[in-house]
1. With (1) of a type in the set (Phe, Trp, Tyr); (2) more than 15 Å from residue 49 (Cα to Cα); (3) in contact (Cβ under 8 Å) with a residue 24 or more places away in the chain as the list, and residue 74 as the residue in question, which single condition is left unmet?
2. Could you list all residues from the range 43-65 that are over 13 Å from residue 105 (Cβ atoms) and part of a helix (DSSP H, G or I)?
3. List pairs: first in the range 81-107 and assigned to a helix (DSSP H, G or I), second of a type in the set (S, T, N, Q), Cβ under 7 Å, 6+ apart or cross-chain?
4. Among the residues of the range 46-96, which ones are of a type in the set (A, V, I, L, M, F, W, C) and touching a strand residue (DSSP E or B) at 6+ places or on another chain (Cβ under 7 Å)?
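Quick note: the coordinates plus some simple rules give every number you see, no bench work behind them. Being a predicted model, the structure only gives us computed values, none of them experimental. Every residue, glycine as well, gets a Cβ built from its backbone with ideal geometry; the counts of neighbours run over all protein chains shown.
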Amino acid sequence: MTKILSSAIAFISYSALASPVFGAIDVGVKTPPGSSVVPPDTGVGQIVGFLVAFIIVIAFLAALLYIVIGAFQWITSGGDKQRVADARNHIIAAVIGLIIIALSFVIINVVIQALGLGSLTNLKILTLPEF
């Protein structure tokens with residue numbers, strides 16, 4: 001209990017003392033009043049491309065985590081055939097998920113390039129006047 005209490009006190013004192021110091025650092029970047037964080041030249045295509053890439057990265061990390069969980073289950077199975085089979089099924093499902101994620105990334109890029117909309121990192125969504 002004393003370790004937890006001392007850790008909490010150290011964290012609170014660090015937070016109280018360090019934040020004014022870091023707040024005083026001037027990095028030279030100022031946001032003008034009335035402006036947003038997203039630059040005005042950021043188009044809808046760039047935002048959609050970012051979201052698709054973000055979802056693919058999150059899915060990839062989730063599949064890797066699923067592989068690690070399956071490996072941990074395999075290691076801790078203790079030789080029980082049913083638990084080993086369950087762990088193997090987890091790992092196989094995660095590998096299949098990784099393959100599906102990679103194929104979806106490739107298919108999305110091929111479709112975007114076939115439609116002439118650029119690439120996933122620089123997606124150009126046409127507006128009605130440009131159509």
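1. Only one criterion is unmet by residue 74, namely (3).
2. Once the filter is applied, which keeps residues that are over 13 Å from residue 105 (Cβ atoms) and part of a helix (DSSP H, G or I), the range 43-65 yields 44, 45, 46, 47, 48, 50, 51, 61, 62, 64, 65.
3. 83/73; 83/77; 84/77; 86/73; 87/73; 87/77; 90/73
4. 48
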